[in-house]
Every structure is written in structure tokens, then in C-alpha cells.
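Please read the structure below before turning to the comments.
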């Protein structure tokens, strides 16, 4: 066994002292080796943590980059679909409404206050010329309104619904339709869209007290479109005499007299349709603007801070 430094100076008779010095030297040597080993281990440990953190940061930025690309694509899809259904629906609504207004206005001009027979004949000719366009516009609107309403619900309403998945999975969650509005006797004169939050509740006429109410939510593009179409059809029925005049058909004199007394009420219905159209367009345009804001690219600091909006 090697002689530990310091023991050679001690006489051999002091066996216990020499043994104690030897053990002390062994412990000192062992401790120095342990310290050096621990330092090496700490260095390697810190090196591995740095590498792990670096890998995590790299993975995070790769994920945010992918998420940004995914969000841009989702924005393009949502924006494109919302814009498309808005263009188609608003175009159908506008064409049908304006042709209805022109037809009614021509009848009123030709039959109320105009005495020049040449002017009356000219107005009647114009009324007859647009009659086919009105019939075509109404037919197209009637054929497509249910599809437009569902697309508005999917691409304009649901993205801004807090319980989107529940709304999409519950088929009876929103039972509103043209038939339901007629069943609950929706009032086109008094039930007008508003910017105030919340929904109005319509009670079913002559129904038991326990019957559920029909809720009309003016923050829903679907609800506004269906209410517009319902009132368009109500006005269409109310101006039957004007439509008969524009088509060149014979008019019952008694009905013509009765219709003359309703001209102001019908004009008010037409005016309120224009208000409904404005509310609908403003709502959907605001939603499309919110889609743009929702998916706009984040700044660098917002990538680092996950709670940044």
C-alpha cells in the first residue's frame, strides 16, 4: 500500500496516529476527486438543460409559424365564404325589394294625382316592362332563401357564437323559418331590427300558455334575412292590385278602391323593408370586418406572450 504523505515523519511506535493520518489523507484525496466529478456533472447537467431549452424554443417558433400559416388559410376560407354568401343574399334581397318598390311606385304615380293620359300610358308601359323582372327576382329569392339563411348561419353567425359546437350539433336549437314566422304572426310593422343585444320572444297566437316562444335575435344574420323575406312576401300579397295593373290584367273596381285606401300603409311596409336591408348589410359587413381582425398577423411580442391578443 502506498504511504500517505505525512505518515513517514511519525515514529513507527505510534501506530494509531499513523493510521489516523493515513485515513485523513485518504478522505482528503477522495473528497477532491468527488468535487471534481461533481463539477463535471454540473457542467454536463447545465449543458443538457440549455440544449433542452433551445430545442423547446425552436419547436415553439416552428409551431407558431405553422399556426400562423394555418390561421391565414382559415381566414381566407372564412372570409371568402362569408363574403360570397353576403354578396348573393344581399343581391337577391336588394333586387326583389327595389323592383317591388318600383312596381308599387309606378302604380301609385299612374293612378293617384296624375291626369295626363299620355303620362299615365307611359308610366303603365314602364310598369308592364319591369313586371317580368319582378316575377323572376321574386321566384329566385323564394327558391334560394332557405339555402341563404343556412349559409348565413354557418359562415356569419356560428363563428361568433360562444357555443358554436353546441349550436352546430343541436338541430332544434334555432327553429326559426318562414313558416314559423307566419305561425307566430310576426308583425312587419312593429317587429323591427335593433342594435340592442338580446332577442325578442313571440308568443304563438291562440296557443296554450305552456307553448314555447319563438325567439328573434337581431344579432343573427340568419334571423334578419328570414324576417326580411317574410315581410317581402307579406308586402307582395298586400300589393296584389298593383301587380295586376303592372301585368295588364283586369282589376276589380271594388278592390281598386279598397287598395287606394291602403297605399300609405303599403308604402310604410316598403320603407321598413329598406330599413331591414340596411340593418342586415351593416350586421354582416361588421362580422366580415371582425373576421379580418380575428385572423390578422400577430406581432413578434405576441408570439412570445401566448395571452397576447
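Values quoted throughout were computed directly from the atomic coordinates according to the rules given, and no laboratory measurement underlies them. Keep in mind the model is a prediction, meaning the values are calculated, not measured. FYI the Cβ positions are ideal-geometry reconstructions off the backbone, even for glycines, and counts take in every protein chain you see.
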Which order do the peptides 123-134, 224-235, 144-155 take when ranked by the mean count of other beta-carbon atoms within 10 Å per residue, highest first?
-> 224-235, 144-155, 123-134
Spacing of the two label points (7 Å from each Cα toward its C-beta) at residue 81 and residue 203, in nm = 4.0
Simple spin-label estimate for residue 129/residue 116, 7 Å along Cα→Cβ, in nm, reads 1.6
Ordered by packing density, taken as the mean number of other Cβ atoms within 10 Å over each peptide's residues, highest first, how do 107-120, 181-194 rank?
-> 181-194, 107-120
Length-normalised contact order of the stretch 91-296 in % [C-alpha pairs under 8 Å, at least 6 apart] | 26
If one computes P(r) from the Cα atoms of the stretch 91-296, what percent of pairs lie at distances over 26 Å?
-> 43
Label-point separation, residue 215 to residue 189 (7 Å along Cα→Cβ), nm = 2.9
If you take the beta carbon distance between residue 196 and residue 293 as r and set R0 to 22 Å, what does 1/(1 + (r/R0)^6) give as a FRET efficiency, to the nearest 0.05?
-> 0.45
